[in-house]
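The next block holds one structure in the form of structure tokens; read it before the comments.
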Amino acid sequence: MNSKFLILNSKLAIIRDIAKRVFDVFVSLFLLILFSPVLVTVAILVRMKLGSPVLFRQQRPGLNCKLFTLYKFRTMLSKTHDEQGNQLPDEKRLTPFGLWLRAASVDELPELFNVLKGDMSLVGPRPLMVKYLSRYTPRQNRRHEVKPGITGWAQVNGRNDMTWEQKFDYDVWYVDHRSFGLDMKILWLTLWHVIARRGVAKEGYATVDEFFGTKSSQPPASSPQQKPKI
């Protein structure tokens, strides 16, 4: 009985993953066509206001920690140091135009190409910095058991307005409870969060603060199973 149950679960998981991929391809292609005028307009504005290159490209870990190139619109000035050679903080490089791109989540639109290529999914844990790989606990590293997403369970439960530990708790919870119904709920809530511009950045930070690893002295994160308040 247990053997048959495991085989059935395995087949259902394969069907779920195939259905998710088909959904990702059709929706990302539709959105790329729908937003093509926006993509072209934003690309021109980024070139005029921030210079070249228009796209921000960076290696990020995906499924099973395999690296891929992430695409986003640039939101910062290319200048990284002042006249004295001191490194400029993010708030000095982030222009009002760049802040608007982030607040409206327009900078994320090129990631639809990542979804179409198969590097990402519409829904999943956000792809983070490569240097974080060595800083995760074994449990936190489970977020790489699925493809990273443009949006995810952590994003609709606070986006950037939460601790790293809370984000990873939500990510792992998603890995264990993922389903088509949950993905639809996350996509719907994402639309509402983007319109409301909630949790764009943590208070006191122009961008997301760096993750240096989980310390045992830190308080436990709140339960990721609580339903988002809307």
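The values are calculated or read from the model by the stated rules, or taken from the named source; none is laboratory data. Just so we're clear, the structure is a prediction, and the values are computed from it rather than from any experiment. Counting neighbours? That spans all protein chains shown, and the Cβs are built from the backbone with ideal geometry, glycine included. Heads up: the accessible areas ignore ligands, DNA and RNA and are worked out on the full protein's heavy atoms, side chains in. Shrake-Rupley method; radii C 1.70, N 1.55, O 1.52, S 1.80 Å.
Considered as a group, the residues in segment 163-204 that are closer than 20 Å to ARG102 by Cβ and charged (D, E, K, R) include one that is modelled with the lowest pLDDT, and that residue is GLU203. In segment 135-147, the qualifying residues are those that are open to solvent by 60 Å² or more (accessible area, probe 1.4 Å) and assigned to a helix (DSSP H, G or I), and the one that is nearest to ASP171 (Cα to Cα) is ARG142.
Scan segment 114-134 for residues that are surrounded by 16 or more Cβ atoms within 10 Å (Cβ to Cβ) and charged (D, E, K, R) and the total you get is 2. Considering SER3, SER36, the condition of being more than 18 Å from the chain's Cα centre (by Cα), at pLDDT below 90 and surrounded by fewer than 13 Cβ atoms within 10 Å (Cβ to Cβ) is satisfied by SER3 alone. For segment 120-160, a residue qualifies if it is of a type in the set (Ser, Thr, Tyr) and either under 15 Å from SER179 (Cβ atoms) or more than 12 Å from the chain's Cα centre (by Cα) (or both), and the qualifying residues are SER121, TYR132, SER134, TYR136, THR137. The set of residues in segment 6-33 being modelled with pLDDT of 95 or more and either at positive phi or not aliphatic (A, V, I, L, M) (or both) consists of LYS20, ARG21, PHE23, ASP24, PHE26, SER28, PHE30. When the criteria are applied in full, THR207 meets the requirement of being over 13 Å from the mean Cα position of the chain (by Cα), surrounded by 14 or more Cβ atoms within 10 Å (Cβ to Cβ), of a type in the set (S, T, N, Q) and at pLDDT below 95.
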